[in-house]
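Asks: I'd like to ask you about the structure that follows.
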Amino acid sequence: MKNEWPLWEVFIRGQHGLAHRHVGSLHAPDAETAILNARDVYTRRNEGVSIWVVEAKHIAASSPSEKGPLFEPSESKIYRHPTFFDIPEEVGHM
Amino acid sequence: MAEVDKDKLYQFLLRMGDNTLILGHRVSEWCGHSPVLEEDIALANTALDLIGQTQMWLGYAGEVQGEGKSADDLAFLRDAWDFRNVLLVELPNGDFGRTMMRQFLYDAWSSIMLGHLQKSTDERIAAIAAKASKEAAYHVERSSGTVVGLGDGTEESHNRMQAALDYLWPYVGEMFASDEIDLAMAAAGIAPDPANLRDEYDALVGRVLDEATLAIPAGNYVHKGGRDGRMHTEHLGHLLCEMQWLQRAYPGCEW
């Protein structure tokens, strides 16, 4: 295991103004190489203008077993969706 | 642009295009065989960049030659003695380390050469160089990083990279050996005299090899004969055999 390169998660910004999106993962010995590898693996077809990489071990994730307590309470709270307001015509598309 | 002998310009363009063609083919041999997936894709990308550059160089060469030949004709229907690539690029891949060392030694030259060619008095050459130099800048960033990583890596990777450098270094000098074709290009402002690029090259390569803890081998012997076509290595014929067989067996075949 110690001879394997660490795993990196790759985030690509598709165009200016959009947020970086997670596109996949890859292996690389260091951050600089991870960016080069991400360029070669994930931007071959002109997909991006910016790359972020983060070593996968630094991502803290929610646990699947906590799904109920974490997410179910919000299912019944439809009043949190801003769908009960009348939007004036002159505001246009939001 | 100053008047220049058409045949000399044709030879110069063959040198540029044959370097990228033969190295592109060599690098493509790794496709599906690289040590890790990320390197496999990266090498395939590099090979495709080089073949793309070949289309521009040999396409222009065919126009200058004026016999109606396309880049494909020049790539697939010439025999070994008509190729004008330096010997360095036709050498077999060896292990991954040797491939990356060869790539670095070529990329360093290519990135410097293309930088100068962007100022060519031949607008077409300047335009090709402008496009190719962005690719070359990426290639040299990648290959120099790998040379440093493996050179200054484990004992085994260091030894393999030093062995690769020892094997390849005597082929470096050919990239800087000027002849009458180079002098004609330099006089017309089309291309720099390659001999004048050597200091820039030594500075770049020396910096990377230092960081990689690798030593340039002693000795001044230089293998030559590729860029003037006098004598290629025995490896070129085998490469062409594989690269050209389809057009040779099925002339004019398209798909």
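Asks: Work out the length of the dipole vector of the protein assembly as shown about its Cα centre, built from +1 on the beta-carbon of each Lys and Arg and -1 on the beta-carbon of each Asp and Glu, and round it to the nearest 20 debye.
Replies: The calculated dipole for the protein assembly as shown is roughly 280 debye.
Asks: From the C-alpha coordinates alone, can you work out the Kirkwood hydrodynamic radius of region A:4-69, in Å?
Replies: Computed over region A:4-69, the radius equals 12.8 Å.
Asks: When each pair of different Cα atoms in region B:132-190 is counted once in the 1/r mean, what is the Kirkwood radius in angstroms, to one decimal?
Replies: In region B:132-190 this quantity evaluates to 14.1 Å.
Asks: Using only the Cα atoms, what convex hull volume per residue in Å³ does region B:6-249 have?
Replies: Residue-normalised Cα hull volume stands at 115 Å³.
Asks: For the protein assembly as shown, what is one quarter of the convex hull surface built on the Cα atoms, given in nm²?
Replies: 26.7 nm²
Asks: Next question. When we measure straight from the Cα of B:Lys69, which aspartates and glutamates land under 12 angstrom away, once same-chain ones fewer than 8 places off are left out?
Replies: none
Asks: Could you pull out every one of the lysines with an alpha carbon less than 25 Å from that of B:Lys224, ignoring same-chain neighbours closer than 8 positions?
Replies: Result set, ordered by chain and number: B:Lys6, B:Lys8.
Asks: Any chance you could list P(r) for region B:196-255, counting all Cα-Cα pairs in 5 angstrom bins from zero, rounded to whole %?
Replies: 4, 12, 11, 14, 12, 14, 12, 7, 8, 6, 0
Asks: Region B:50-120 to region B:7-49: how many Å between their Cα centroids?
Replies: 8 Å
Asks: Reachable aspartates and glutamates from B:Lys131, Cα under 14 Å, same-chain residues fewer than 8 places away excluded?
Replies: Here the aspartates and glutamates satisfying the reach criterion relative to B:Lys131 are B:Asp49, B:Glu123.
Asks: How much of the accessible area of the protein assembly as shown, in percent, comes from carbon and sulfur atoms when a 1.4 Å probe is used?
Replies: After summing per-atom areas, the C and S share lands at 54 percent.
Asks: Quick check: pseudo-label points 7 Å beyond the Cα along Cα→Cβ at B:Ala163 and A:Ser65, how many nm apart are they?
Replies: 5.1 nm
Asks: Compute the distance in nm between two label points, each set 7 Å from the Cα along the Cα-to-Cβ direction, one at B:Ala137 and one at B:Gln244.
Replies: Taking the simple label geometry, B:Ala137 and B:Gln244 are separated by 3.7 nm.
The values are calculated or read from the model by the stated rules, or taken from the named source; none is laboratory data. Small disclaimer: the values here were computed from a predicted structure and weren't measured. As a convention, Cβ positions derive from the backbone with ideal geometry for all residues, glycine included, and neighbour counts pool all protein chains shown. These area figures cover heavy atoms from the full protein model, side chains too; ligands, DNA and RNA do not enter into them. Shrake-Rupley method; radii C 1.70, N 1.55, O 1.52, S 1.80 Å.
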